[in-house]
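The values are calculated or read from the model by the stated rules, or taken from the named source; none is laboratory data. Everything quoted here is computed from the prediction, not taken from an experiment. A quick note on method: Cβ atoms are made from the backbone with ideal geometry, for glycine too, and the neighbour counts reach across all protein chains shown.
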Amino acid sequence: MTALDPTVKSLIADPYGAYVKLRAEAPVHRVVGPDGLPVWLVTRYQDVRQALADPRLALDRAHAAPGNYRGFSLPPALDANLLNMDPPDHTRIRRLVSRAFTPRRVAALRTPIERVAERLLDTIEPLGRADLLASYAAPLPITVICDLLGVPEGDRLDFRTWTDSLITPDPARPEQARAAVKAMLGFFTGLIERKRTDPADDLLSDLIAVRDEEGGGDRLGEDELTSLAFLILFAGYENTVHLIANAVLALLTHPEQLAALRAEPELIAGAVEEFARFDGPAPLAIRRFPREDVEIGGTTVPAGETVLLSLASANRDPEQFADPDRLDLRRRENGHLALGHGIHYCLGAPLARMETELALGALLRRFPDLALDAPVERLRHRPTMRARGLLELPVRY
């Protein structure tokens with residue numbers, strides 16, 4: 001087996017170079033995964049895309065063979081979410097929560113997002129330099145998702161600390177991750193109870209109404225309700241903050257593309273798709289478990305073993321994308337997989353796209369001389385394969 005050590009600095013800083021070799025050698029590799037257990041890693045675009053939509057590859061851990069998976073354990077009240085479900089439960093819950101992300105509801109968030117972006121930029125403008133991750137890319141999506149859920153401003157705790165503890169747990173301090181889980185569970189349980197007593201015009205109040213009032217096949221369980229609130233906050237924050245920050249870094253390290261976007265602001269929608277392809281926030285899709293022996297890329301993967309689909313590798317596959325390692329904001333054929341494919345395609349993708357588009361537009365208008373405030377080689381990425389994100393993004397303007 002090939003050892004794919006997530007602590008190797010070069011793999012974290014530039015996973016794309018490692019995937020060039022893996023793609024060339026074979027479409028599927030038996031490797032040692034981040035938790036020390038063997039997994040099957042799929043690297044080529046066509047195989048990844050097909051596998052993302054293959055119903056034989058289950059998300060439910062009940063299909064994992066004993067000893068083949070060691071994932072982070074969440075309590076049932078946080079674990080009963082869409083990332084661990086297959087149809088029919090996945091179909092039922094996705095249908096319920098999809099009402100939050102209709103085109104009309106997402107469009108209604110445009111003006112509030114613009115206000116948040118301008119307010120954050122007002123705060124940092126007099127400083128002349130800032131960590132753009134901490135002061136802009138992170139607080140913008142957390143504000144938006146808390147507004148969507150109906151989290152009162154006084155209750156918006158340090159979600160970034162909680163999510164960091166789950167995405168990049170410290171092996172030497174496992175108590176941090178356990179404390180984060182306990183804090184999140186207590187927070188969401190208390191918030192749901194307050195919303196039951198005093199509902200408002202927000203998504204969480206709507207979901208509580210579904211839980212308490214609707215019967216039949218569409219009824220939510222209490223754990224499902226709590227897990228949905230957790231997933232919407234966690235995924236809505238985690239993916240968008242890195243999509244925004246990675247996009248800014250891509251622009252600042254590709255001055256010709258930055259100049260093109262400044263000259264033609266109408267390129268922004270296509271640019272967001274290219275940012276997602278070029279350096280997306282999720283290097284790997286959520287792990288999957290074959291319900292039966294499955295052939296992927298000419299390799300038979302036994303039932304119950306763990307399959308990791310590399311979105312990062314697929315999105316740089318030269319068989320699918322011309323000159324894939326080049327950032328090209330005018331790229332036309334861009335069927336990237338950064339936000340998934342099939343029934344598990346990211347439900348919040350339209351909102352993440354709009355947040356990124358508005359965040360970048362406001363930033364570039366406000367700061368025409370925006371530049372990195374540190375050598376690019378000194379920038380640090382999070383030491384994990386689970387997310388592709390920076391630890392800080394120092395800029396000056």
Residue list for region 185-230, restricted to those being closer than 18 Å to T143 by Cβ and of a type outside the set (F, W, Y): L191, A200, D201, D202, L203, L204, A229
Whichever residue in region 141-151 is under 15 Å from the mean Cα position of the chain (by Cα) and closer than 17 Å to E357 by Cβ and, among such residues, is modelled with the lowest pLDDT: I145
Selected residue (only one of R262, R353, R277 is in contact with a His (Cβ under 6 Å, 6 or more places away or on another chain) and not in a loop (DSSP other than H, G, I, E, B)): R277
In region 43-53, the residues that are closer than 25 Å to D79 by Cβ and surrounded by 17 or more Cβ atoms within 10 Å (Cβ to Cβ): A51, L52
Residue within region 85-95 that is without any contact (Cβ under 8 Å) to a residue 60 or more places away in the chain, within 30 Å of A62 (Cβ to Cβ) and in contact with a Leu (Cβ under 7 Å, 6 or more places away or on another chain) present: yes
In region 280-298, the residues that are within 13 Å of R386 (Cα to Cα) and outside any loop (DSSP other than H, G, I, E, B): L284
Residue count for region 320-350, restricted to those that are among the aliphatic types (A, V, I, L, M) and either more than 17 Å from the chain's Cα centre (by Cα) or not in a loop (DSSP other than H, G, I, E, B) (or both): 5
Residue within region 135-148 that is in contact with a strand residue (DSSP E or B) (Cβ under 9 Å, 6 or more places away or on another chain) and either more than 22 Å from I244 (Cα to Cα) or in a helix (DSSP H, G or I) (or both) present: yes
When residues of region 353-374 are limited to those that are of a type in the set (D, E) and closer than 18 Å to V395 by Cα, the one surrounded by the most Cβ atoms within 10 Å (Cβ to Cβ): D373
Test: residue in region 285-302 that is within 30 Å of A65 (Cβ to Cβ), of a type in the set (S, T, N, Q), in contact (Cβ under 8 Å) with a residue 24 or more places away in the chain and in contact with a Lys or Arg (Cβ under 6 Å, 6 or more places away or on another chain): no
Matching residues in region 87-118 - criterion: being under 30 Å from I244 (Cα atoms) and assigned to a loop (DSSP other than H, G, I, E, B): T102, A108, L109
Looking only at region 78-95, and only at residues there that are surrounded by fewer than 18 Cβ atoms within 10 Å (Cβ to Cβ) and either within 20 Å of P290 (Cβ to Cβ) or modelled with pLDDT of 95 or more (or both), the one that is nearest to the chain's Cα centre (by Cα): L83
Meets criteria (more than 14 Å from the chain's Cα centre (by Cα) and closer than 21 Å to G389 by Cβ) for E357: yes
Whichever residue in region 314-330 is touching a residue at least 60 places away in the same chain (Cβ under 8 Å) and among the basic types (K, R) and, among such residues, is surrounded by the most Cβ atoms within 10 Å (Cβ to Cβ): R316
